[in-house]
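A short worksheet on the structure shown next.
The values are calculated or read from the model by the stated rules, or taken from the named source; none is laboratory data. Source: prediction; values computed, not measured. Don't worry about glycine lacking a Cβ; one is built from the backbone with ideal geometry, like all the others, and counts go over all protein chains shown. Heavy atoms of the whole protein, side chains included, go into the accessibility calculation; ligands, DNA and RNA do not. Shrake-Rupley method; radii C 1.70, N 1.55, O 1.52, S 1.80 Å.
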Amino acid sequence: MELKLNNGITMPALGLGVFQSPPEETTAAVQTALEVGYRHIDTAAAYGNEREVGEGIRRSGLARSDVFLETKVWVSDYGYDEALHAWDKAVGKLGVDQLDLLILHQPAPDRFEKTIAAYRALETLLKDGRVRAIGVSNFMPHHLQQLLAETEVVPAVNQIELHPYFAQRNVQAADAEHGILTQAWSPIGGITFYPGWGENRKNVMRDPAIAAVAQAHGKTPAQVMLRWHLQQGRSAIPKSTNPARIAENFDVFGFELSAEELAAIDALDTGVRSGPDPDVARPERFAMVIPEA
């Protein structure tokens, strides 16, 4: 299933995420995913596993043009020249000469002028053909408004925390208004266990309403949630290093949820964020240096 971005290129709707995937497990996870049928891999400079993602793609034997590769610039590399160099670092580790999608990892409102400068660098990379599409991650409507006022290229994608317990409909609406594709990280609610967040939170995987839909279709709760994203036109990036789970998460194209089932899942939204708030500065985390190699 492909989604068309606002600059006309297409992107596989479902991708493998590698957040918190240990480097030593990432190569095998990427290779397994590509063997199962995934054609979209999502990584980030801050994950520390870009090199292993590149190795997994090479080991798959697929042509580079057959894999949609997405990565993210970390906050410590914001600024115009810094973000251009972040591209150098990313392609060097991934072992490629072009990225399909490069996005800014956080709005970083405590240094938003550097965020704008970094996005202008992405615009340059797009113009030069070094990336095929550019975008953002964790941008709330007011961040988008500020970005759009000071830059020329509308982001192709906004990757945000999005699962049945936290649907961020205001962000989805702002994205849609500007022709930006919403992409879900933590699409099956795994972020409930994000380090430092999520204590005393309910696990969406165990929600009885989702379990009932899953039972009706002979599917798992994770498959139902991924189907919910896809039928509502979003991209979803489930993360796993478990080969059986990787395959399960891709097996979501042979059934369809009814309007009533989609509405039942929509009704689960609590409005409570499980991951970090993009409006809260995290100076220590933002200062993390991305190695050259």
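Can you send over the carbon and sulfur percentage of the accessible area for segment 1-92, probe radius 1.4 Å, protein chains only? With neighbouring chains kept in place, the figure for segment 1-92 is 49 percent.
GNM on the chain, alpha-carbon springs under 10 angstrom: the most fluctuating residue among Val96, Val131, Val18 is Val96. The residues of the chain have, on average, 41 Å² of accessible surface per residue, using a 1.4 Å probe with all protein chains present. Tally the DSSP beta bridges in segment 82-194 and give the antiparallel ones as a percent, rounded to 5. The answer is about 10 percent antiparallel.
Rounded to the nearest 20 debye, the dipole magnitude of the chain is 320 debye, with +1 charges on Lys and Arg beta carbons, -1 on Asp and Glu beta carbons, and the Cα centre as origin. Computed over the chain with a Gaussian network model linking Cα atoms closer than 10 Å, the most mobile of Ala83, Ala121, Ala173 is Ala173. The portion of the accessible surface of segment 114-246 made up by carbon and sulfur, rounded to a whole percent, is 51 (1.4 Å probe; DNA, RNA and ligands excluded). Only beta bridges with both residues in the chain are counted; by DSSP, about 15 percent of them are antiparallel. Computing FRET efficiency as 1/(1 + (r/R0)^6) for Gln20 and Arg282, where r is the C-beta to C-beta distance and R0 is 22 Å, gives about 0.85. Could you identify which residue out of Pro164, Pro109, Pro187 has the top mean-square fluctuation in a GNM of the chain using Cα springs shorter than 10 Å? Comparing Pro164, Pro109, Pro187 in a Gaussian network model of the chain, the most mobile one is Pro109. Report, in listed order, any pair from Lys127/Lys239; Lys93/Lys239; Lys89/Lys127; Lys89/Lys202; Lys89/Lys239 with a Cα-Cα distance greater than 28 Å. Distance filter (> 28 Å) returns Lys127/Lys239; Lys89/Lys202.
Cross-link partners of Lys219 among aspartates and glutamates, defined as those whose alpha carbon lies under 18 angstrom from its own and excluding same-chain residues fewer than eight positions apart: Asp207, Glu248, Asp251, Glu256, Glu260, Glu261. Put simply, when 38-45, 215-222 are sorted by average Cβ atoms within 10 angstrom per residue, most first, you get 38-45, 215-222. Modelled spin-label separation between Gln146 and Phe253, with each label point placed 7 Å from Cα along the Cα-to-Cβ direction: 4.0 nm. Taking a ≥ b ≥ c as the square roots of the eigenvalues of the Cα gyration tensor, segment 1-121 is classed as prolate, since a/c reaches at least 1.5 and a/b is larger than b/c.
Note on the chain: Cα Rg divided by 2.2 N^0.38 Å, N the number of residues, gives 0.94. Other residues with beta-carbon under 15 Å from the beta-carbon of Arg120 carry, at +1 per Lys or Arg and -1 per Asp or Glu, a net charge of -4.
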